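The values are calculated or read from the model by the stated rules, or taken from the named source; none is laboratory data. Predicted model, so just to flag it, every value in this text is computed and none were measured. When we count neighbours, we look across all protein chains shown, and the Cβ atoms used for this are built from the backbone with ideal geometry, even at glycine. The protein model used for the area step is the full one, side chains on, heavy atoms only, and it has no ligands, DNA or RNA in it. Shrake-Rupley method; radii C 1.70, N 1.55, O 1.52, S 1.80 Å.
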Amino acid sequence: MNEMITFGKKMNFRPLVISLAYFLLASLIAWDVLAIVNSQNKNWAWVIGLIFFALVAFGYYPNVLPIEFNYCEISAKKIRYYDHGSYWNRIKMIFLGKASPLKEIATSEVVDAKFLGKKSLVKMAPTIFYPMILIYFVGIISSVNNLCGFQLKLADGREITLSLSRDKIYEPEKTINQSEKALELINQGYTLSKS
């Protein structure tokens, strides 16, 4: 049996494109403002744009990548996942986009695997109106309210957490069913390696 279960969303260039869009928009607005006030040095507009780029690319996205782009593949033989363990890895992922590498471990290395979080879905409290700027953050807020995933303990003592939060908010029942199958595959791989 060569079954493989996938969770999450693969990395793409959206974080980099959005960061560049902030750079361009902030630069153009700053250029216009500097032109209105008759500033002789409009090149400061590009510096302001770079500041916005840095805030988004190096401040915002490294913190939300583990929630938004948390792709993993689980089979009885191996687990492949994005390594969000360090800030530097997350920065590289922003610039590599689809070419971001998946880290791989054998299920025979996993000595304990358990589900973390609640299996029930926590819905966001209804509000009258969301300001349009917050619409973009609704998915992230829902994911944070529904934190769940796998905690894997490896034979060498390391612990790895794989998030399923994004999947849970979009397809809660399917995600919980798939998570149970995935845990069976991990345990099956560990058992087979010991026999």
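Just a few scattered comments:
- Of the helices (runs of 4 or more DSSP H) lying entirely inside region 1-95, those containing at least 3 residues that are at pLDDT 90 or above, open to solvent by less than 20 Å² (accessible area, probe 1.4 Å) and touching a Phe, Trp or Tyr at 6+ places or on another chain (Cβ under 8 Å) are 14-36.
- The set of residues in region 147-195 being modelled with pLDDT under 85 and among the basic types (Lys, Arg) consists of 166, 168, 194.
- A search for C-beta distances below 6 Å between a residue of region 157-183 that is in a strand (DSSP E or B) and any residue that is open to solvent by 80 Å² or more (accessible area, probe 1.4 Å), counting only pairs 6+ apart in sequence or on different chains, returns 159/153.
- Residue in region 96-112 that is surrounded by 18 or more Cβ atoms within 10 Å (Cβ to Cβ), among the hydrophobic types (A, V, I, L, M, F, W, C) and modelled with pLDDT under 95 present: yes
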